[in-house]
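The values are calculated or read from the model by the stated rules, or taken from the named source; none is laboratory data. The model shown is predicted, which means the values in this text are computed figures rather than measured ones. Here the Cβ positions follow ideal geometry from the backbone for every residue, glycine too, while neighbour counts run over all protein chains shown.
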Amino acid sequence: MGMSAEEVHAVKAFGWAAKDQSGLLSPFHFSRRDTGEEDVRFKILYCGICHTDLHRIKNEWGGSKYPLVPGHEIVGVVTEVGAKVQKFKVEDRVGVGCLVGACHSCDNCSNNLENYCPKKILTYNATYHDGTTTYGGYSDHMVANEHYLVRIPDNLPLDAAAPLLCAGITVYSPLKFFQLDKPGLHVGVVGLGGLGHVGVKFAKAFGAKVTVISTSPNKKEEAIERLGADSFLVSRDPDQMQAAMGTMDGILDTVSAVHPLLPLLGLLKSHGKLIMVGAPDKPLELPVFPLLMGRKMVAGSGIGGMKETQEMVDFAAKHDITADIEVIPIDYVNTAMERLAKADVRYRFVIDVANTLKAA
Ligand SMILES: [Zn+2]
Ligand SMILES: [Zn+2]
């Protein structure tokens, strides 16, 4: 009640926050809770910039609460653990993704699907169990219940691993759940941004033949030579699309703009699955007839539970999968947001928090 963000908790914290719908980020003093019995406190080293951050700072989905410290692709090193913490110790390399809490008693939680818990608590712009606002990773340190931390294996570079915590799990979980993780399948990936480029890497690591589907041919060489895709399909080229009809077992659609589904459904074999993981803010048109002719499926998927997020990071470590990143200082973050809005990044901005965030 009337307490400033700096006075709510015992431990001082510093980060960058959006103060209003302009989305402009600037220095912000706040506070974080003491390390509870089951909590882990860690120094933040890097934080990825997810497209969600851009939507949230500008209140494009509604419900943004200011000041808003974004960031849910957070990695760092443990500095303190609570008395009952089992899994982590000081100096461990850890990460926090989109979630910091859930009810732990519903069906979803019982099945390790905290991401679908109706009472899940998001890493920022949410209200924690104690009634206080959650703040994200564009900040100097963080404290979280140990259940919501993952261990980052030693061979993964922390900066390039950060985007796995949102982008990585967002594509890994549906590839597993919809059984597109079997060798020899043909998997399409629509959109080659933050999600799409790691989608290509995971699908390849599962042994799929991977085709990138894009509106423009610009990224063809990069998709094939740098990311390891097997082929590239320009969705605006009717001849190419016609030649690829009925060839795919599944398609991961990462596009967050409104776009036609009909051409994508045409690419699927019978029983093929079109999995939506982007988040267009308007409804898409779903042509039903092509679904009937081939018993095709359209589905969605959102991030993943904590058990699967750890599994994904371990899989990434085993297969040397990280994001392709552009590391930036914190004072570049507003420019990065403008570039992200124009999809001018290959493929994820990651803030070098430890070296560039200095308390004003
Ligand atoms: Zn995200
Ligand atoms: Zn629950």
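A few comments on the model shown:
- Among the residues of segment 24-47, those that are touching a Phe, Trp or Tyr at 6+ places or on another chain (Cβ under 7 Å) and surrounded by 17 or more Cβ atoms within 10 Å (Cβ to Cβ) comprise LEU25, PHE28, PHE30, VAL40, CYS47.
- Enumeration of residues in segment 184-203 that are buried (at least 24 other Cβ atoms within 10 Å of the Cβ) and in a strand (DSSP E or B): VAL187, GLY188, VAL189, VAL190
Residue-by-condition table, conditions (1) surrounded by fewer than 17 Cβ atoms within 10 Å (Cβ to Cβ); (2) of a type in the set (A, V, I, L, M); (3) under 20 Å from the mean Cα position of the chain (by Cα); (4) assigned by TED's automatic domain parsing to the domain that holds LEU286:
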site	(1), (2), (3), (4)
ASP181	no, no, yes, yes
GLY207	yes, no, no, yes
VAL234	no, yes, no, yes
GLY246	yes, no, no, yes
GLY250	no, no, no, yes
SER256	no, no, yes, yes
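- Here LYS307, LYS296 are screened, and the one residue that is among the basic types (Lys, Arg), over 30 Å from LEU24 (Cα atoms) and crowded, with 16+ Cβ neighbours inside 10 Å is LYS296.
- Across segment 92-146, the number of residues qualifying as charged (D, E, K, R) and either surrounded by 16 or more Cβ atoms within 10 Å (Cβ to Cβ) or within 16 Å of ligand 1 (Cβ to nearest atom) (or both) comes to 6.
- The residue that is nearest to VAL198 (Cα to Cα), counting only those in segment 338-360 that are in a helix (DSSP H, G or I) and free of Cβ contacts under 8 Å to residues at least 40 places away in the same chain, is ARG339.
- Every condition in (1) farther than 18 Å from GLY305 by Cβ; (2) within 15 Å of ligand 1 (Cβ to nearest atom) holds for GLY62 except the one numbered (2).
- Comparison of VAL198, VAL234 shows that the only residue that is among the hydrophobic types (A, V, I, L, M, F, W, C) and in contact with a Ser or Thr (Cβ under 7 Å, 6 or more places away or on another chain) is VAL234.
- Neighbours by Cβ (under 6 Å, 6+ apart or cross-chain): first from segment 106-135, in contact (Cβ under 8 Å) with a residue 60 or more places away in the chain and among the hydrophobic types (A, V, I, L, M, F, W, C); second more than 8 Å from ligand 2 (Cβ to nearest atom) and in a loop (DSSP other than H, G, I, E, B): LEU113/GLY305
- Count - residues of segment 147-161 that are surrounded by fewer than 24 Cβ atoms within 10 Å (Cβ to Cβ) and in a loop (DSSP other than H, G, I, E, B): 5
- Residues in segment 61-84 that are among the aliphatic types (A, V, I, L, M) and closer than 21 Å to TYR135 by Cβ: LEU68, VAL69, ILE74, VAL75, VAL77, VAL78, VAL81.
- Subset tally (residues that are part of a loop (DSSP other than H, G, I, E, B) and either more than 10 Å from ligand 2 (Cβ to nearest atom) or small (Gly, Ala, Ser) (or both)) for segment 98-134: 14
- Lone qualifier among THR335, THR322 - being in a loop (DSSP other than H, G, I, E, B) and either at pLDDT below 95 or over 13 Å from HIS51 (Cβ atoms) (or both): THR322
- Subset of segment 1-23 [surrounded by fewer than 15 Cβ atoms within 10 Å (Cβ to Cβ) and touching a strand residue (DSSP E or B) at 6+ places or on another chain (Cβ under 9 Å)]: SER4, GLU6, GLU7, ALA10, VAL11, LYS12, LYS19
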